[in-house]
Amino acid sequence: MLLMDVLRKKKYAAIALFSSAAMLMIYPYAQTLGNNIDLWFEVISPINLALYAAFSLLFGPFVSLQVYNLKAPTKTCAVQGAAGGTFSSVLSFAAIQCPGCVSVASLFLPISATTFLAANNIIITSASLALLIAGIYLLGGFKPTKPKNIISSA
């Protein structure tokens, strides 16, 4: 599988780890605007915490695969876009993981939209995960890779 081959390379594994770690740190900060991050972890429901962790862990490999495809030395055709994964990142940031949390979305959206996002956060975050997986699929991450030719001296 291409994704596993990409992650075996140190450079892309480092990109994946950095991206996942950044998402793990930035997301709670964005949700609380830097205030009461400890309270955010106390209030968040277990399902939202699991979705947050899953999204963060998938975000790193998605970014790494995107960088790999952009820097691939040989391309037989144009790299397919991974708009699904990019859109999922934006969508997930807008989803409020707990109704009591202040989000960046509340700065830009009316209260009715913010309330809708808070009430439907599990559905929105699940859709974000699905879009992230779709982005990895569109980037060819689940395609099998060709085995390397072994030249025998026979």
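Among residues of the range 130-141 that are farther than 15 Å from Leu7 by Cα, those with a beta-carbon under 7 Å from a residue that is aromatic (Phe, Trp, Tyr) at least six positions away or on a different chain give the pairs Leu131/Phe87; Leu132/Phe55; Leu132/Phe59; Leu132/Phe62; Gly135/Phe62. Scanning the range 57-71 for residues that are under 14 Å from Tyr137 (Cα atoms), within 14 Å of the chain's Cα centre (by Cα) and not β-branched (Val, Ile, Thr) yields Leu58, Phe59, Pro61, Phe62, Ser64, Leu65, Gln66. Here Leu2 meets the list (1) in contact with a helix residue (DSSP H, G or I) (Cβ under 7 Å, 6 or more places away or on another chain); (2) at pLDDT 85 or above; (3) under 17 Å from Gly135 (Cα atoms); (4) not aromatic (Phe, Trp, Tyr) almost entirely, failing just condition (1). Is there a residue in the range 135-151 that is in a helix (DSSP H, G or I), at pLDDT 55 or above and over 16 Å from the mean Cα position of the chain (by Cα)? Taking every residue of the range 135-151 in turn, none turns out to be in a helix (DSSP H, G or I), at pLDDT 55 or above and over 16 Å from the mean Cα position of the chain (by Cα).
Here Gln66 fits the description: modelled with pLDDT of 85 or more and either touching a Leu at 6+ places or on another chain (Cβ under 9 Å) or of a type in the set (Asp, Glu) (or both).
Of all the residues in the range 1-20, those that are surrounded by 13 or more Cβ atoms within 10 Å (Cβ to Cβ) and either in contact with a Ser or Thr (Cβ under 8 Å, 6 or more places away or on another chain) or polar (S, T, N, Q) (or both) number 10. Within the range 99-126, being of a type in the set (A, V, I, L, M, F, W, C) and modelled with pLDDT of 85 or more holds for Ile122, Ile123. Hey, does the range 25-48 have a residue that's over 18 Å from Ile124 (Cα atoms), part of a helix (DSSP H, G or I) and either of a type in the set (S, T, N, Q) or at pLDDT 90 or above (or both)? Within the range 25-48, one or more residues are over 18 Å from Ile124 (Cα atoms), part of a helix (DSSP H, G or I) and either of a type in the set (S, T, N, Q) or at pLDDT 90 or above (or both).
The values are calculated or read from the model by the stated rules, or taken from the named source; none is laboratory data. Nothing here was measured: the structure is a model prediction, and the numbers come from that model. Here the Cβ is made from the backbone with ideal geometry for all residues, glycine too, and neighbour counts use every protein chain on show.
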